[in-house]
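Some notes on the structure that comes next.
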Amino acid sequence: MVPNEIINNISTSQKLADSWVETNVVPFYSTTKIRYLLVGNEVISGSPKDIWPNIVPAMRKIKKSLKTHGLDKIKVSTSMAMDVLESSFPPSNGTFRSDIADSIVRPLLQFLHRTKSFYFLDVYPYFAWVMDPKNINLEYALFESRTIKYTDPLSNLTYTNLFDQMVDSVVFAMKRLGYPDIRIWIAETGWPNAGDIDQIGANIYNAATYNRNVVKKLTAKPPIGTPARPGWVIPSLIFALYNENQKPGPGTERHFGLLYPNGTNIYGIDLSGKTPGSCFEPLPKPDNNEPYKGKIWCVAAKGVNETALSSALSYACSQGNKTCDPIQPGKKCFKPDSLFWHASYAFSSYWSQSRKTGATCYFNGLATQTAKDPSKS
């Protein structure tokens, strides 16, 4: 994958595109099965707006470079998340966002159509469910529902799971722009096996259930497809192989793996889809499918580097809002006078003030959530 941060430069320089392909593709092609090359990952979701218009120009330069080196068989694309849609419900109302539809998505679809490439899509029913757990049934999101069905009032297509709904909303959005037949490749799908205390539904039971079921669907023979594309093959990738234990952000970000960082299984799974669920060991019962109603604190993690902890304490105290006034000498929370407790107070205070704007209890791995009142420890 071409990293997001060099898309701008590659979009204006064939020489740079050639150099990137010569360094990252050519030396490995003869012994490595390289079939697809993505120019950027979720660029629209997480990169500055000035990069957006340059995705397709960069893709063209990379494609030209591959052709020059006789690597025509490698398809070029980019990956998109669901947030490129303005509307996704009902699926037949799927529409790309008005700020990108004509300027970015249409040229992208034109390129994919011309080069017979795929639209790479990241689909996470987990995040859709988390946003609206009252109205979206968890079993429907996990492919487990036997009774819940949704019929799209415009297309009359009937849906039995959230994954199909999400994929078809993109199918209809592409159709709306005049490209009804571009194939979809699921670049990422998965479910977190753990998370922070306040993150519902992130547990081993749900992760195993979702991933086993999505594999079963995607490996079925003959292919199942989706209601809008029955019988179509949907090539897909599960995210992720390992729990990424050093990744920043909310706890779920570090718990999407099939394996622990040491390589052992988190739960049994067969990526061929052939092993019946009854052959796997029983899964631990989920205990966080409902929102956590108690109080949560953000405290310093035990055994972390003291120099790093001191820097994080300084950061939390420098953000204003009088975060650290109570832990100054002589004030009510100064004792116990230790770096660990002062950092814990500062982390909790900062997090409680800033979590609504997206702050997480992480602090580069120095902090962790707890449901136990630290003042009573």
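The values are calculated or read from the model by the stated rules, or taken from the named source; none is laboratory data. These numbers come from a predicted model, not from an experiment. With ideal geometry, Cβ positions are generated from the backbone for all residues, glycine too; neighbour counts draw on all protein chains shown. Ligands, DNA and RNA are stripped out before the accessible areas are found, and what is left, the full protein with its side chains, is counted by its heavy atoms. Shrake-Rupley method; radii C 1.70, N 1.55, O 1.52, S 1.80 Å.
At a glance:
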read-out: Count of residues meeting criterion [more than 19 Å from the chain's Cα centre (by Cα), farther than 18 Å from GLU139 by Cβ and either open to solvent by less than 40 Å² (accessible area, probe 1.4 Å) or among the polar types (S, T, N, Q) (or both)] in the range 193-231; value: 7
read-out: Count of the range 120-164 residues which are among the aromatic types (Phe, Trp, Tyr) and at positive phi; value: 1
read-out: Yes/no for LYS175 being assigned to a helix (DSSP H, G or I), open to solvent by 40 Å² or more (accessible area, probe 1.4 Å), closer than 17 Å to MET80 by Cα and assigned by the TED database to the domain that holds ASN243; value: yes
read-out: Residue check, SER310 closer than 20 Å to ILE197 by Cβ and either open to solvent by less than 30 Å² (accessible area, probe 1.4 Å) or touching a Leu at 6+ places or on another chain (Cβ under 9 Å) (or both); value: no
read-out: Yes/no for SER117 being out of contact with any helix residue (DSSP H, G or I) (no Cβ under 6 Å at 6 or more places or on another chain) and not charged (D, E, K, R); value: yes
read-out: Residue match in the range 66-79 (condition: of a type in the set (Val, Ile, Thr) and open to solvent by 50 Å² or more (accessible area, probe 1.4 Å)); value: yes
read-out: Answer from ALA308, ALA228 - the residue that is closer than 22 Å to ALA359 by Cα and not hydroxyl-bearing (Ser, Thr, Tyr); value: ALA308
read-out: Extreme residue, surrounded by the fewest Cβ atoms within 10 Å (Cβ to Cβ), among residues of the range 112-169 that are among the acidic types (Asp, Glu) and not in a loop (DSSP other than H, G, I, E, B); value: GLU139
read-out: Residue match in the range 357-365 (condition: in contact (Cβ under 8 Å) with a residue 12 or more places away in the chain, among the aliphatic types (A, V, I, L, M), closer than 22 Å to PRO250 by Cβ and open to solvent by less than 40 Å² (accessible area, probe 1.4 Å)); value: no
read-out: So ILE224, is it more than 20 Å from TYR267 (Cα to Cα), at pLDDT 95 or above and either aliphatic (A, V, I, L, M) or not assigned by the TED database to the domain that holds ASP122 (or both); value: yes
read-out: Residue match in the range 169-177 (condition: within 23 Å of the chain's Cα centre (by Cα) and under 22 Å from ASP270 (Cα atoms)); value: no
read-out: Tally, over the range 313-345, of residues that are closer than 13 Å to THR368 by Cα and open to solvent by less than 30 Å² (accessible area, probe 1.4 Å); value: 2
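Results for (1) of a type in the set (A, V, I, L, M); (2) in contact with a Phe, Trp or Tyr (Cβ under 8 Å, 6 or more places away or on another chain), shown as yes or no for each residue.
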| residue | (1), (2) |
| --- | --- |
| PRO248 | no, yes |
| GLU253 | no, no |
| LEU258 | yes, yes |
| PRO261 | no, yes |
| THR264 | no, no |
| GLY273 | no, no |
| ASN289 | no, no |
